[in-house]
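Any read-out appearing in this document is the output of simple, stated calculations on the displayed coordinates, not a laboratory observation. Remember, it's a predicted structure, so these values are computed and weren't measured experimentally. We place every Cβ from the backbone using ideal geometry, glycine too, and count neighbours over all the protein chains shown.
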Amino acid sequence: MEMANEGNISIQRVRKTFPQPDGGEVVALNNIDFDFTSGKFISLIGPSGCGKSTLLRLIAGLILPNNGIIELDGEKITSPGYERGLVFQDPTLFPWKTVYENIAFGLRARKVYREEKESIPEFIKLVGLEGFEKSYPHQLSGGMAQRASLARALVNNPKVLLLDEPLGALDAFTRMNMQDEILKIWEKRGMTTVMVTHDVDEAIYMATQIVVMSARPAKIEKVINVEMSRPRQRDDPEFLAMRAKILKILHFAGNREELQYYL
């Protein structure tokens, strides 16, 4: 792993509220304290609307907390930065740009394209898009478009990769394949990775650490270290036991309708 000493995220007493039309406010996050350690793969899981994506956007610097501090390697996060790559559920590629041009966009925005353009083929290969450099987004499958989004985030060599349900819109087969591809990239690049998911199995399969969040206003309900060897088998008794444990923490073990959200 290349970044063993970088990518430490410190979240201290973070509170985030959103104003409402009636003059009130919704408390999304309330007094969150947690440290994401360098090189870990962390999954955030919890009820719909509990603030998982809000926390991810705070780390990205897209929004700021009302109270508290978020730091990356000791530096306070106050705005977006290339050292934090963000991938959304939808690929959000520029439709008028090719795969190559979409990936190159970050380098151009930083004004380092001329110096670093030779790295672009490396990232195209890393995400398995060789031969599709000149393709436009409408010519790609959903999985391929998400691969391009990953490469666009990775080309800046971020310390932290932030994934906001990046596989939620994919079919089951493509989703499982992409889980393996993301894990390969994480293992090769060594960056701290934080992924929002509502899928318990996905969290167990991918993460080194699972952060279970409560309903809004969110707090951290439980932090679970996943120490199973890789590759993980979804029918392994240890895997199934952890699945049952997480569902119990989420309080939905006996409610079939609400269980569907996590399966």
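Laid out as a table, the results:
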quantity	calculated
Span from the the stretch 104-177 Cα centroid across to the the stretch 1-46 one, whole angstrom	25
Shape of the stretch 113-208, Cα gyration tensor, a/c cut at 1.5	oblate
Estimated FRET transfer efficiency when R0 is 51 angstrom, pair residue 112-residue 244 (beta carbons, to 0.05)	0.60
Cα Rg, Dmax, the stretch 132-263, angstrom units	16.0, 50
Top of 80, 95, 217 by mean-square fluctuation, Gaussian network on the chain, Cα under 10 Å	95
Ellipticity estimate at 222 nm from DSSP helix runs (n ≥ 4, -39,500 (n - 2.57)) divided over the chain, nearest 500	-9500 deg cm²/dmol
Highest-MSF residue in the chain out of 201, 236, 164 [GNM, Cα springs under 10 Å]	236
Candidates 46, 23, 81: whichever shows maximal mean-square fluctuation once the chain is modelled as a Gaussian network with Cα springs under 10 Å	23
Under 29 Å from residue 134, Cα to Cα: lysines that are on another chain or at least 8 residues apart	97, 111, 117, 125, 159, 184, 188
Inter-label distance for residue 225 and residue 71, nm, one decimal - labels placed 7 Å from Cα along Cα-to-Cβ	2.3
Potential extension, residue 78-residue 133 segment - 0.36 nm per residue separation minus Cα distance	16.4 nm
Tensor-based shape of the stretch 98-164 (alpha-carbon gyration tensor, a/c under 1.5 rounded, otherwise prolate or oblate)	oblate
Segment residue 141-residue 176, extension gain: residue separation times 0.36 nm, minus the distance between their alpha carbons	11.1 nm
Distance in nm between pseudo-label sites at residue 188 and residue 90 (7 Å out along the Cβ direction from Cα)	2.9
